[in-house]
Amino acid sequence: MDIFGDAFSKSFNLIFSFDIDLIEILYLSAKVSLFSLLISCVIGFPLGAFLAIGKFPLRNFIVAFLNSLMGLPPVVVGLIVYLYLSRSGPFGFLGLLYTPSAMVIAQTILIIPIIGSLSCQILEDLDKEYKDLFKSFVIKRSQAISAYLYDARYSLFTVVLAGFGRAVSEVGAVIIVGGNIDHLTRVMTTAIALETSKGELSLAMALGIILLLVSLSINFFVVWIKHIGKVKGYV
Amino acid sequence: MKIKIIVLLIFCFVNSKVYCQEKIIIQSTTSTKNSGFYHFILPKFKKETGIIAHVVAVGTGAAIKNAMNCDGDVLLVHSPKREIKFVNEGFSKKRFKLMYNDFVLIGPSFDPANVKKQISAIEAFRQIAKKQKLFASRGDNSGTHSREKFIWEKAGVITKIYSGKWYRETGSGMGTTINVAIGMGGYTLSDRATWIKFGNKNDFKILFEGDKILFNQYGLMVINELKCPMVNSKNGKKFVDWMISEKGQKIINSYKVKGKQLFFGNAKDN
């Protein structure tokens, strides 16, 4: 298969020619993934922390439910969001279907369970250490939650990465609610799907390589931050 | 309240491109997109009218469904029967013939079912069934799929009982189905435009073409604002008028890939 060799040279060319279309697609990919990640973190972290330290009926049930939502098939989420945002659906009047916002909504739904579940897991372990201390201080639950989140921040980076990985690699949901519209809702994954369906396999592969490079560099960055944290002795 | 405002601001930023433009959404078959047709024609349309056309290319079946949910302003598909039904149910006021090309039967160049020698498409299909050679079907209710089913029906082959054996339904778009056909060395029915532009042809060729039953008509409709109040029928109508105008038709005819004309305007026949 010379497709791989071809793909490497094509991705190389695309990167170093600063292809405008590619930059636009990459930019949208980053924008959509990061916004959905941001919203998911704002909701998911407090949710995870609340579940980790809370003791109330049905807690275990909710945790199990959240855990299973991590496996939500993107197409199903895409379909649900489509039905709600469709002009004939309940939120059709907002005119959000086939816009980047619709993609953010779908991805947020996909990522919240990941952020919530994984952070719950991490904070639960931390809770065992801190429980007695916090009890003796008699502090408010909201304060405890922020203390937990702050102290676990380096471990939570991995959670954020898992969420980002899901967002940036997902194609099923964004292709339904975004429509893969050129210069509007086309992201890396939907572009790869399109090029594959056009039989431009080496170009599709080249885009895949670029996507991989992007997430590689982000991961290196996070490893580096964690390393600094370790050196300073916070982890 | 604060959070609501923040979320709203985020959406405004993410969507900044959406609000400030004259635009329409075209629900479309995939062939017109995969063949590069929109890439060629839409910038010209934008230049003249200032309207940006966003294309959602999903296959005729899905495009019609989406249009029935009012999620589009214009419908461009190729399944006349279903288009007429669409109009009759009130989703559009009028269907316009836009252009045509044809379907082609493609397969491995050594042609194991010997379809090349057959006198008609129906006979070619019959040979594939008789020799139980692999056939990749779209299986997605697209325009190409419904034509394929129609030919099987005429050939007297009940494909249902062979599904999963030599008759493989991919449930995907044309390009993906061609990829599958090539991957397993089987036949498939494709529209000519997608095939000509297709990049991963291997040793596959057009093995049968030119039968009347393979004629492929594309239709164009504005979605009815009486059924779908949110439809931008004003801009939709501008698009349709432009496409079926003499000028639009000329531009359609001038689109060529590798020296071959892909679509032939026939709006005159309306």
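The values are calculated or read from the model by the stated rules, or taken from the named source; none is laboratory data. Nothing here was measured: the structure is a model prediction, and the numbers come from that model. Here the Cβ positions follow ideal geometry from the backbone for every residue, glycine too, while neighbour counts run over all protein chains shown.
How many of the residues making up the range B:144-182 are within 14 Å of chain A (Cβ to nearest Cβ), of a type outside the set (A, V, I, L, M) and not in a loop (DSSP other than H, G, I, E, B)? Of the residues in the range B:144-182, 5 are within 14 Å of chain A (Cβ to nearest Cβ), of a type outside the set (A, V, I, L, M) and not in a loop (DSSP other than H, G, I, E, B). Restricted to the range B:65-85, and to residues there that are assigned to a helix (DSSP H, G or I) and closer than 14 Å to residue B:26 by Cβ, the residue that is nearest to the other protein chains (Cβ to nearest Cβ) is B:66.
Scanning the range B:30-45 for residues that are touching a Gly at 6+ places or on another chain (Cβ under 9 Å) and within 13 Å of chain A (Cβ to nearest Cβ) returns B:30, B:31, B:34, B:41. Scanning the range B:134-153 for residues that are surrounded by fewer than 20 Cβ atoms within 10 Å (Cβ to Cβ) and within 19 Å of residue B:113 (Cβ to Cβ) turns up B:149, B:153. Of all the numbered requirements in (1) within 14 Å of chain B (Cβ to nearest Cβ); (2) assigned to a loop (DSSP other than H, G, I, E, B); (3) surrounded by fewer than 20 Cβ atoms within 10 Å (Cβ to Cβ), residue A:55 misses one, and that requirement is (1). Would it be correct to say that residue B:93 is modelled with pLDDT of 95 or more, part of a strand (DSSP E or B) and surrounded by fewer than 18 Cβ atoms within 10 Å (Cβ to Cβ)? Yes; evaluated as a whole, the condition is true for this residue. For the range B:216-260, a tally of residues being of a type in the set (Val, Ile, Thr) and either surrounded by fewer than 16 Cβ atoms within 10 Å (Cβ to Cβ) or part of a strand (DSSP E or B) (or both) returns 3.
Before we move on, is residue B:116 assigned by TED's automatic domain parsing to the domain that holds residue B:63 and touching a residue at least 40 places away in the same chain (Cβ under 8 Å)?
no
Mind listing whichever residues of the range B:106-129 are among the aromatic types (Phe, Trp, Tyr) and over 21 Å from residue B:158 (Cα atoms)? Across the range B:106-129, the qualifying residue is only B:110.
When we screen B:213, B:196 for residues that are part of a helix (DSSP H, G or I), β-branched (Val, Ile, Thr) and at pLDDT below 95, the only hit is B:196. For the range A:191-217, the set of residues classified as more than 11 Å from chain B (Cβ to nearest Cβ) and closer than 24 Å to residue A:177 by Cβ consists of A:191, A:192, A:207, A:208, A:210, A:211, A:214, A:215, listed by residue number.
Among the criteria (1) in contact with a Ser or Thr (Cβ under 6 Å, 6 or more places away or on another chain); (2) within 30 Å of residue B:185 (Cβ to Cβ), the one residue B:225 does not fulfil is (2).
When the range B:67-86 is limited to residues that are surrounded by fewer than 24 Cβ atoms within 10 Å (Cβ to Cβ) and touching a residue at least 12 places away in the same chain (Cβ under 8 Å), the one that is nearest to residue A:91 (Cα to Cα) turns out to be B:70. Restricting attention to the range B:46-63, the residues that are touching a residue at least 24 places away in the same chain (Cβ under 8 Å), within 14 Å of chain A (Cβ to nearest Cβ) and part of a helix (DSSP H, G or I) total 2.
Taken together, A:90, A:46 contain a single residue that is closer than 24 Å to residue A:168 by Cα and more than 10 Å from chain B (Cβ to nearest Cβ), which is A:46.
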